[in-house]
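The values are calculated or read from the model by the stated rules, or taken from the named source; none is laboratory data. Computed from a predicted structure; not experimentally measured. When we count neighbours, we look across all protein chains shown, and the Cβ atoms used for this are built from the backbone with ideal geometry, even at glycine. Just the protein is used for accessible areas: all its heavy atoms, side chains included, with ligands, DNA and RNA removed. Shrake-Rupley method; radii C 1.70, N 1.55, O 1.52, S 1.80 Å.
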Amino acid sequence: MPITTPVTMSCTRWKINHLKIESCLVMKTLTLSLILLACILLTACDQSQSENTETQRSQDTTLSRPYTDAAGRQLTIPTHPKRIIALSEVDLDAMLALDVQPVAATDGRGQDGFPRYLDDSKTQGITSVGRLGNPSMEAILMEKPDLILLGGFYTDQALAKLSAIAPVVVTYTLREDWKKGFERVAALLNKQEAYDTFMIKYDQKIQQVRKRLGDHIHDTVSIIRWNPKGPMFMYNTVFASKVISDIGLKRPEYQDKGGAPHSPILSLESLDQLDGDWIFMGTLMTQGDAVSAMASATSTPAFKALKGVQNGHLIPVDGSMWTSVGGPLAAMQVLDDIQKAMSQADE
Amino acid sequence: MTQLNTTQPSVYKHDWLMRLGPLRLRVPRRVVMVNLLLFIGLAGIMLASLIMGDFDISIMQTVRALLGHGERSHLILINDIRLPRVITGMVTGFGLGLAGTMLQTLARNRLATPEVLGINEGGTLAIIVIITVSTSSLFGLWWVAPIGAAITAAVLILFGGGRVGSQGYRLLIIGLGLTALLRSINELIISRQNLMHASALYTWTLGSLATGNEKVNIPVSIGLLMTLPVCLLCTRWLTLMRFDEEIAIPLGLPRRGARLLVIGCVVVMAGLSVGAAGPIAFVALAAPILASRLLGPSHVPMLTSAWTGCVLVLTADTLGRLIAHPQELPVGVVCSVLGGPFLLWVVLRQQAN
Amino acid sequence: MSETELTSSSTQFTNPASDARSRVLCLVLLCLFILAILIVLSMIAGAGNTTVKDAIGYLLGDALRRNDENLDMVLRTLRWPRTVGALVVGGAMGVAGAVLQTVTRNPLADTGLLGINSGAAMGVVTGITYFGVSTTLGYLLWSMSGTLLGTSLVLLVASTGLAGVTPLRLILAGLGIGATFHGITAMILLSNQTSYDEYRYWVLGSLAGLHLRMVLQMLWIIVPGILLAVVLARSLSALILGDDVAQSLGHQPAKIRILSTLSVTLLTGASVALAGPITFLGLLSPHIARSFVHHRIGSLIGLSGLFGMIILLTADILCRIVVKPFETPVSVMIAMAGAPLLMWIVLSNRMLTLTHKEMR
Amino acid sequence: MQLNVTDLYASYTANNPILKGVSMSAKPGHVTIIVGPNGCGKSTLLRSIARLHRPDSGRITLDDQDIWQLKPRQAAHRLSLLPQSPVAPEGMTVINLVQFGRHPHQGLFQQWSDQDQLAVAEALQLTHLSDLAHRRLDQLSGGQRQRCWLAMTLAQQTPLMLLDEPTSMLDLGHQVEVLNLVRKIASAGDRAFVIVLHDLIAAAQYADQLITMRDGKIIQTGHPRDIITPELIKELYDVDVRILTSPDNLTPIIVARQEALV
């Protein structure tokens, strides 16, 4: 029963195979050592690279100064930065308000270009480096910046990568007022005078609007967004709400809360929470779509029953500044919008 | 010899046999060849993904930058932007490929992948919760993903792991239920964020290599390397797990122990990958299918599948940077757009045979 | 197992078929009873300030309350369309799920796996992004066309080739096409944040803001879909025994599959259009139904529809009251309650394994 | 290696025992065949011995060692099972499959040996599969595939072999061949076989020890010549039969009576 032939046969085969195995082993060790070599080189280059940047940076010491940014990070930044990249809308807005153009900036929130409320003439010549919150590192690198402004929302990874390219200043933290960011940007750019001028203009405008309001000064202002699946309102942490409180106007009781920027989707049965003496309805889309959002909102009977709507105080506005984040220029425009709305209502 | 072959077939016809002291190792020729080819492919795609992109850089400049010479912008581009990205891609592809092949073999069903069973989704939820709860935005907390994945897997084992059932169907249904549950919680959390946070989270849930950096790469690779030997130890069990229990157990498969160990490995592998780059779709499904086509049916493709995963992820990422120029498509999107037709191709080919 | 089905006409003293039939009848009556209660509850419960007393008064025809304009608006234009919508969508989803699982002989089959939902999502996102759609009617049309595109592609791919449409092939083709659609959706959303902003609410599914008119319009699609499913029930119960058996019983497996897929498309397309992608429902309700009626496909389809209605209506009522005055997305509610339920079904051995030799 | 089963109770669902106190034994060199009507617990008994189903109570020992206390691998060295309708992963070749029989004898660092080569070749030769060694399983006929599985079990070279209806897929020629093979291996003296069989005539012809079961209990045990009577068959299957005697070796041949065929 036992079979012996295959064993002897396969023994000869195995001898042949052993030769092959040896050659295979040689190949394996070769590739392995190649990979090892590559690894060593890579680690080596990591070190040499950091030395390299160190020396490059130390050359600039005469023109640089220490700085502590909004996130509390200790930095060394150029005293007179030339090529600045603005990675948040407040930064871009603030720079333009101070009449300085960044070399590059990110697109506006939910838009395919710079924020809509900014003048085209002002943004001309600025390169776009991609979406807000997710800019292209390579595009930023190509601009060879000497200072990067980053405010609000950022990720630690992005911060680390950007810091390798140029000093990154966090100009404001998430819940901070736009004024703080503006102030810091002005200080960074050595534009104290322009800052003061602008803030005086802003205060004057506030006074002007207040005067215009007259008796309406105690009115409540509701800021809402309309989705086809249901409406939502903005809490008082949102940018426009701060401008409104600067004027002295109030938010409706339900909406006068902190925390999240906007409420979850509201039930159509509870639309009374949207009500206010004035209802500003923002969309992220262009004016045409805002109208269709209006149409779908006003086709809801419960919405039509709102006090603000019946008084004709429903005002469609550009959501890209009203319901999200903006800087000094946006604040001015919000004031403009309110003023315009008031005068239209008066007519 | 030919005459002998027809009557007495050689068992190890396709293998190299090695005697190293007391060790007797069998190295299937095809496995070696396929892995060699994959290595060459991987090296090529690594180089390509270092060279290609918005920023123009030549091969020589790339190599010089890798060695630490050249312009400062080149050094930053290669060492701080592209290399970490490539490494993240490798790590993720490796983990997903291995986890996919192990889970598919365990459940004896091609559909059983970490993403279908909700293990990826569990990792994602953990990260989303952590990001939402913390005031600053910390994507650096990669380690919560394996923990989330482990909790999901624990639920999975608790409810369904004891009985994988006929071809893993029980496990799959429970997994699908878990996936639905976790995904809707994820979407609920995302819908309550502001748009800024939400779209950043959304990009993350699609799987993206753009955030890759050493702080994540190094611990994740250490984790993977430490789990790898355990996975390889499971290989012998996995080859048995392809059979019914009534074949496998008499052949010496420890029923519960093997299953727990394999699921444990899958959790660590998938969790680490999710932590590094988010849940990249399709790699865990496609890599084992491709690898087993390359290797043939007699092997469970372990390392081969892992390397295939690396190649897939890196190729997808490189394409994602080229296709939508000047924008970048996250690797997960490219994977699912290309993975779909690929799966169709596999299905049609298989049927035609 | 299927003996009851085949010998139902035999004249024995103890007829197992009639026994089963009366059991199903009892179940149906029970379901209808529960539904009636739920409908009343749905009219009473809400997120707003309307009190339960007012609502009951209105329902009972209290003249004073009938004339209350606000009350009339809440009940007639908000709650009633929602209730009807939940019944229609739940029923359609349940029937579609049962047909899909039967025809693919696969307990995992649901509209998500077949790429139908991804098709709908892609349609909606395309509509939002490139055609500025922002009304419910617009969503409806676009999701419908996306669904049609998805299913016809799945069918086309699955039926080219030598072996014809096999269950596994259908699922894998669906998975592949679904993934592609999903990727394309993500591509569009990434390059357009405005669309993403709308999408992230749509994808959660909701019955809020439905107009009765739209629900009734959708009945033109849903009713034929359900009728088709009912007509197919007999052939499907033969198909569950395998293609060979079905063929020898005089059915044409390929034709049955195509017709079933058509029915599923009509039902899912319409319900996704109305309420957004509520995937889990289509997986869950057939499993519950199967734990009662096993292999009687006709009853399975009917019961699955009823269970779909019950689940969706319950979920929708909960959505309104859990985080008053806000809305919880209905798919979240279903998944939260449904996942444990599904696990229980699977664990308690109530899940009958369908024939799945072909799944490998 | 002596197999002893004492007072075995087993069930799949609570309160519904399949095995109700089964005791049996199998000796090396003997072929033990279990017969009985459908659902009498034959397969469950075999599955319990093969460690696939944990019994509620009772002991199963191999040479006085409880099999449930063995490590999986130790157990695989002692017993092998040919299940009823096994399924192989797609695309496997015959030799791939048969090689799996050597799995318990190999290790992570002992992946091959002369012994393995020998055992596989022997198993292939015994089952007449040498010529088909490199064919794919899915290209073979049902009978050939059944022989592949048998070859795999043989290659495991265990002292106790459990076969669950090994002849169900085979034609008469191959049935006889397989059972003759079993007899031949058993008569070498060091292996014990426990086989579940439906074919009463074959069972009577090949068994050294016939175990008859009904409703989870053993009705009678013994050499077929000693125990097969019309009364026993009636008790087992509710069928009236006549017992003839084979002219070759005097084993009983069971034939259903004419009136029983009505």
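Odds and ends about this structure:
- Just so you know, in the range C:30-82 the residues that are open to solvent by less than 70 Å² (accessible area, probe 1.4 Å) and among the basic types (Lys, Arg) include one that is nearest to A:Tyr254 (Cα to Cα), and it is C:Arg79.
- Qualifying residue in the range C:115-122 (condition: assigned to a helix (DSSP H, G or I) and touching a His at 6+ places or on another chain (Cβ under 7 Å)): yes
- Checked against (1) aliphatic (A, V, I, L, M); (2) open to solvent by 20 Å² or more (accessible area, probe 1.4 Å); (3) in a helix (DSSP H, G or I); (4) at pLDDT 80 or above, B:Ile157 passes all but a single condition, namely (4).
- Residues of the range A:152-168 that turn out to be within 7 Å of chain B (Cβ to nearest Cβ), closer than 25 Å to B:Ile78 by Cβ and assigned to a loop (DSSP other than H, G, I, E, B), as a count: 2
- Selection status of C:Leu155, open to solvent by 10 Å² or more (accessible area, probe 1.4 Å), at negative phi, facing chain B (nearest Cβ under 8 Å) and modelled with pLDDT under 75: no
- Within the range C:158-193, restricting attention to residues that are within 7 Å of chain B (Cβ to nearest Cβ) and modelled with pLDDT under 65, the residue that is nearest to C:Ile240 (Cα to Cα) is C:Ala163.
- Options D:Val5, D:Val94, D:Val22; residue that is open to solvent by less than 20 Å² (accessible area, probe 1.4 Å), under 25 Å from D:Ser187 (Cα atoms) and among the β-branched types (Val, Ile, Thr): D:Val5
- Elements of the type helices (runs of 4 or more DSSP H) sitting completely within the range B:166-244 and holding at least 3 residues that are open to solvent by 30 Å² or more (accessible area, probe 1.4 Å) and closer than 30 Å to D:Gln111 by Cβ: these cover B:214-241.
- When the range A:188-228 is filtered for residues that are open to solvent by less than 20 Å² (accessible area, probe 1.4 Å) and farther than 23 Å from A:Val325 by Cα, only A:Leu213 remains.
- Some residue of the range C:83-103 being crowded, with 19+ Cβ neighbours inside 10 Å, within 14 Å of chain A (Cβ to nearest Cβ) and within 29 Å of C:Gln217 (Cα to Cα): yes
- Count - residues of the range A:318-337 that are of a type in the set (A, V, I, L, M), farther than 19 Å from A:Thr171 by Cβ and buried (at least 23 other Cβ atoms within 10 Å of the Cβ): 1
- Residue in the range B:46-65 that is outside any helix (DSSP H, G or I), open to solvent by 50 Å² or more (accessible area, probe 1.4 Å) and closer than 30 Å to D:Leu108 by Cα present: no
- Considering the range D:31-90, the residues that are among the polar types (S, T, N, Q) and not in a strand (DSSP E or B) include one that is farthest from the other protein chains (Cβ to nearest Cβ), namely D:Asn38.
- Qualifying position, being farther than 25 Å from B:Gly252 by Cα, out of contact with any Leu (no Cβ under 9 Å at 6 or more places or on another chain) and buried (at least 23 other Cβ atoms within 10 Å of the Cβ), among D:Leu250, D:Leu210, D:Leu244: D:Leu210
- Of the helices (runs of 4 or more DSSP H) lying entirely inside the range A:72-151, not one carries at least 2 residues that are open to solvent by 10 Å² or more (accessible area, probe 1.4 Å), within 14 Å of another protein chain (Cβ to nearest Cβ) and among the β-branched types (Val, Ile, Thr).
- Search result, residues across the range B:245-257 that are within 7 Å of chain D (Cβ to nearest Cβ) and either part of a loop (DSSP other than H, G, I, E, B) or not aliphatic (A, V, I, L, M) (or both): B:Glu245, B:Glu246, B:Ile249, B:Pro250, B:Leu251, B:Gly252, B:Leu253, B:Pro254
- If you check A:Arg131, A:Arg83 for being in contact (Cβ under 8 Å) with a residue 24 or more places away in the chain, closer than 30 Å to B:Thr318 by Cβ and under 19 Å from the mean Cα position of the chain (by Cα), only one passes: A:Arg131.
- Only residues that are at pLDDT 70 or above, β-branched (Val, Ile, Thr) and over 17 Å from C:His182 (Cβ atoms) were counted in the range B:323-352, giving 1.
- Scope the range C:229-242; condition in a helix (DSSP H, G or I) and open to solvent by 40 Å² or more (accessible area, probe 1.4 Å); matching residues: C:Val230, C:Val231, C:Arg234
- Residue list for the range B:66-117, restricted to those being within 30 Å of B:Leu156 (Cβ to Cβ) and part of a loop (DSSP other than H, G, I, E, B): B:Arg108, B:Asn109, B:Arg110, B:Leu111, B:Ala112, B:Thr113, B:Pro114, B:Glu115, B:Val116, B:Leu117
Matching residues to (1) of a type outside the set (Gly, Ala, Ser); (2) under 30 Å from D:Met92 (Cβ atoms); (3) assigned to a helix (DSSP H, G or I):
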| residue | (1), (2), (3) |
| --- | --- |
| B:Ala276 | no, no, yes |
| B:Leu294 | yes, yes, yes |
| B:Trp307 | yes, yes, yes |
| B:Val313 | yes, no, yes |
| B:Thr318 | yes, no, yes |
| B:Leu322 | yes, no, yes |
| B:Gly332 | no, no, yes |
| B:Cys335 | yes, no, yes |
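- Boolean, C:Ala270 is open to solvent by less than 10 Å² (accessible area, probe 1.4 Å), at pLDDT 85 or above and closer than 21 Å to C:Gly138 by Cβ: yes
- Number of residues in the range B:270-300 that are among the polar types (S, T, N, Q), open to solvent by 10 Å² or more (accessible area, probe 1.4 Å) and in contact with a helix residue (DSSP H, G or I) (Cβ under 7 Å, 6 or more places away or on another chain): the value is 1.
- Search result, residues across the range C:244-269 that are without any contact (Cβ under 8 Å) to a residue 24 or more places away in the chain and more than 23 Å from the chain's Cα centre (by Cα): C:Asp244, C:Val245, C:Ala246, C:Gln247, C:Ser248, C:Leu249, C:Gly250, C:His251, C:Gln252
- D:Gln111 being open to solvent by 20 Å² or more (accessible area, probe 1.4 Å), without any contact (Cβ under 8 Å) to a residue 24 or more places away in the chain, under 17 Å from B:His299 (Cα atoms) and not basic (Lys, Arg): yes
- Among the candidates B:Leu295, B:Leu303, residue that is within 24 Å of D:Gln110 (Cα to Cα) and under 12 Å from the mean Cα position of the chain (by Cα): B:Leu303
- Residue in the range B:5-16 that is out of contact with any strand residue (DSSP E or B) (no Cβ under 9 Å at 6 or more places or on another chain), under 30 Å from B:Asp317 (Cα atoms), in a helix (DSSP H, G or I) and more than 8 Å from chain A (Cβ to nearest Cβ) present: no
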